[in-house]
Amino acid sequence: MRRPFSNINQVWSWLLLERLYGSGVRHICLAPGSRSAPLVLALVELGKTYPDLILHTHFDERGLGFLALGLSKASAQAVAVITTSGTAVANLLPAVIEARHSHVPLILISADRPDELLDCGANQAIAQQQLFGAQVLDRLSLPAPDSDIAIHSWLPALDRLLRTQGPVHINCPFREPLYPTEAEQDFSAGLPARMAFSRSRPTPRPVTPALDLTVARKTLIVAGQLSSADADRLVAFCQRYRLPILADLSSQLRLRPSDWVIHYVDILCNNADFVQTLNRFERVIQFSGRLISKRLLNWLGAFSGEHLLVDGHTGYLDPNRRALQQQQTLADFLLQLAEVPLSWPSCQVEVAALHAWNAVAATQLPALIGAELNEISAVTHLAQNLPGACQLFAGNSLSIRLLDMYAAPTAPVRVFSNRGASGIDGLIATAAGVAAGANKPLVLVIGDTSALYDLNSLALVNRVAARTGQAILVLVLNNNGGAIFNLLPAAQFGTTQRDYFQCPHDLDFAAAAAQFRLAYARPSSLSELVEQIRLALLPGTTSLIEIQVPAAQSSQQIGQINRHFAQLTGPVA
């Protein structure tokens, strides 16, 4: 039941937020501030009317934006973010960029000063209506609440904006008083009744294929970023047509045991014989983009056959600029394909060769990785000890590459990552949002520089675990800075590379874990690591496990493994 409001700012805020609720928003994230008080107070009242509305708070707007990003990824629903005015709004930009490039729906609601307080030296007053520029798909700048403005006037624009599948910005200027007064006037008298909001998905229309798939071609599948449901659909399709799948970590197939998945494509692409087997295919159908493996991308760039890239979103996704892209969801594409008679030639010989190569990698990697604790052995043993109900968030830079290259397929865990813009910021906060949105135990694998960059988001880890009762483990791979540069041409510059690319910090995370009340461990052996992982995944536990290694160790080991596979004379079809 709506309550009477004596403040017109609160009336408009209520209407805006109730409209969000009607559109399906169930998670709202907010940071403290005074100019946003009308929104916050209306939100508290709204929560009394709609108890399934969940509020999340954080003291840092940058982390708050990434928390909302993770919530939206896990729940597959739009999530709203409320901030006060000024630089508070600007701190959302990194999360907005990631949301823009990964098609995640965020609704950014910024409180603002009214127009008369701009460009006159007023406190915390900046031009913020266009602050996010091209990184939002749509924006709405409301007028300052006024009894002379019809309260219905901006609803159609708001409804249009709330149907956008990506980040949008709503700017809300408020004049004082920002808080309820003792005035007797009831501004809520003209508040319209709640109206139904429809976000129904339009009926898919047939898409003219970018390629004629009825033409007989030996076909290979490449799986980029997929949902778990789409991964299941793809496996069923490939089983029916006996097609091999080259699986990216974000495809939900890389860690899943399957007879149709080639799990170790990145390291196998070091081998000329393996690449020659890939070259026998005449067509590649790729689902989604953002592939982690540069070697796979390079092969696709040199592939002489047909390359069709299928993705449901706008925006071209082939950095080689060779693929024909078809804007269609995987589900709709497979449904449309099911209506077409396909007579693709058998790839039995090529499939057998690819699986033999995959088996060689699975058999030989454990000995190459070794029994000592290092970054590679840490991530592979982590993957082997994750329960199926667990979620894995792979941090950017070296962390996600190690998992993609070396992790064995042992359990069908759901994998999350921020690969839209692939930044190293906000990863802890995003992982906390995923844990809060999915309500399942979660493990974050993150590098030391990324962890330092988002350190205060460790405050969210305990808060989310307390609310959900689920375990959250942060596994920090500490190689003392940006050791990934040892794998890049910068490595040839010696001390210049160390001082200006790696930027060693000589820090550990014991005190940080203590400050944010996380259990801390720094194992010295793989057996200790496995035991610490077991303890860290007990319900409600929050832990930080730190793996400390010399900066050059992983790059040297990666080079040795790459050379080993490059020199193999493997299965020949």
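Amide H of residue 416: which non-local residues (sequence gap of 5 or more, or other chain) have their own amide H closer than 5 Å, using H built in the peptide plane?
392, 393, 394
Pop out the ³J(HN,Hα) list for the range 346-360 in order, Karplus 6.51 cos²θ - 1.76 cosθ + 1.60 with θ = phi - 60°, rounded to Hz; leave Gly and Pro as x.
Rounded to whole hertz, the list is 5, 10, 4, 5, 5, 4, 4, 5, 4, 5, 5, 4, 4, 5, 4.
With a ≥ b ≥ c taken as the square roots of the eigenvalues of the C-alpha gyration tensor of the range 297-338, please select rounded if a/c is under 1.5 and otherwise prolate if a/b is larger than b/c or oblate if it is not? It would help to have the intermediate numbers written out before the result.
Details: a/c = 3.20, a/b = 1.69, b/c = 1.89.
Oblate, since a/c reaches 1.5 and b/c is not below a/b.
Quick one: which residues, 5+ away or cross-chain, put their amide H under 5 Å from the amide H of residue 57? H built at 1.01 Å from N.
Hits under the 5 Å cutoff: 30.
I need the phi-derived Karplus couplings for the range 130-145: 6.51 cos²θ - 1.76 cosθ + 1.60, θ = phi - 60°, integer Hz, Gly and Pro marked x.
Values, residue by residue: 10, 4, 8, x, 6, 7, 9, 7, 7, 8, 9, 9, 6, x, 5, x Hz.
Nearest 20 debye, what's the magnitude of the dipole of the chain about its Cα centre given +1 on Lys and Arg Cβ and -1 on Asp and Glu Cβ? Intermediate results must be reported in sequence, preceding the final value.
On the way: 43 positive and 44 negative charges, 253 e Å.
Using only the charged Cβ atoms, the result is roughly 1220 debye.
At a 1.4 Å probe, what is the % contribution of carbon and sulfur to the accessible area of the chain?
Details: 12170 of 23200 Å².
Summing carbon and sulfur atoms, their accessible area is 52 percent of the total for the chain.
Divide, for the range 74-141, the radius of gyration over alpha carbons by 2.2 N^0.38 Å, where N is the residue count. Intermediate values should be presented prior to the final figure.
Numbers: Rg = 13.0 Å, N = 68, 2.2 N^0.38 = 10.9 Å.
Relative to the rule-of-thumb radius for its length, the range 74-141 sits at 1.19.
Enter the accessible area per residue of the chain (Å², integer; probe 1.4 Å; all protein chains in place).
On the way: 23200 Å² over 573 residues.
Here the residues of the chain average 40 Å² of exposed surface.
Give me the distance in nm between label points sitting 7 Å out from Cα along the Cα-to-Cβ direction at residue 275 and residue 146, one decimal.
6.7
Consider the candidate values (1) 26.6; (2) 27.3; (3) 25.5; state which one is Kirkwood radius over Cα pairs in Å computed from the structure displayed.
(3)
Mind checking which of 292, 482, 323 is farthest towards the positive end of the chain's charge dipole, using Cβ charges of +1 (Lys, Arg) and -1 (Asp, Glu) about the Cα centre?
The listed residue farthest towards the positive side: 323.
Lysines near residue 73 by alpha-carbon distance under 27 Å, same-chain residues fewer than 8 away left out - which ones?
48, 294, 440
Over the range 1-141, what is the mean sequence separation of C-alpha contacts under 8 Å (at least six apart), divided by residue count, expressed as relative contact order in percent? Kindly include the intermediate steps, with their values, before the conclusion.
On the way: 206 pairs, mean separation 32.5, N = 141.
For the range 1-141, the relative contact order is 23 percent.
Output the relative contact order of the range 303-427, whole-number percent, from Cα pairs under 8 angstrom with separation of 6+ residues.
Values: 101 pairs, mean separation 20.6, N = 125.
Relative CO of the range 303-427 lands at 16 percent.
Within the chain, what percent of beta bridges assigned by DSSP are antiparallel, to the nearest 5?
Working: 0 of 64 bridges.
Roughly 0 percent of the beta bridges in the chain run antiparallel, per DSSP.
Highest mean first, what order results for 12-20, 470-478 on Cβ atoms within 10 Å? Don't skip to the answer; put the middle values down first.
Details: 12-20: 23.3, 470-478: 25.7.
Sorting 12-20, 470-478 by mean packing, highest first, produces 470-478, 12-20.
Once phi is turned into ³J(HN,Hα) by the Karplus curve 6.51 cos²θ - 1.76 cosθ + 1.60 with θ = phi - 60°, what whole-Hz value does each residue of the range 260-266 show in order, with x for glycine and proline?
In residue order, the calculated couplings are 10, 9, 9, 7, 10, 4, 4 Hz.
Can you give the relative contact order of the chain as a percent, counting alpha carbon pairs under 8 Å and 6+ residues apart? Don't skip to the answer; put the middle values down first.
Working: 1129 pairs, mean separation 79.5, N = 573.
After rounding, I find 14 percent.
If packing is taken as the average count of other Cβ atoms within 10 Å, what order do 374-383, 502-511 fall into, highest mean first?
Values: 374-383: 22.2, 502-511: 14.4.
Listed from highest to lowest mean packing, they are 374-383, 502-511.
Once you order the gyration tensor axes a ≥ b ≥ c over the Cα atoms, which shape class does the range 449-573 get: rounded for a/c under 1.5, otherwise prolate or oblate by comparing a/b with b/c? Intermediate values should be presented prior to the final figure.
Details: a/c = 2.65, a/b = 1.50, b/c = 1.77.
Note, shape of the range 449-573 comes out oblate.
Summing -39500 (n - 2.57) over the DSSP H runs of n ≥ 4 in the chain and dividing by its residue number, what mean residue ellipticity at 222 nm do you reach, to the nearest 500 deg cm²/dmol?
Numbers: 20 runs with 210 residues, N = 573.
Rounded to the nearest 500, the figure is -11000 deg cm²/dmol.
The values are calculated or read from the model by the stated rules, or taken from the named source; none is laboratory data. This is a predicted model, so every value here is computed, not measured. Virtual Cβ from ideal backbone geometry, glycine too; neighbours counted across all protein chains shown. Accessible surface is based on the protein model in full, side chains and every heavy atom, while ligands, DNA and RNA are left aside. Shrake-Rupley method; radii C 1.70, N 1.55, O 1.52, S 1.80 Å.
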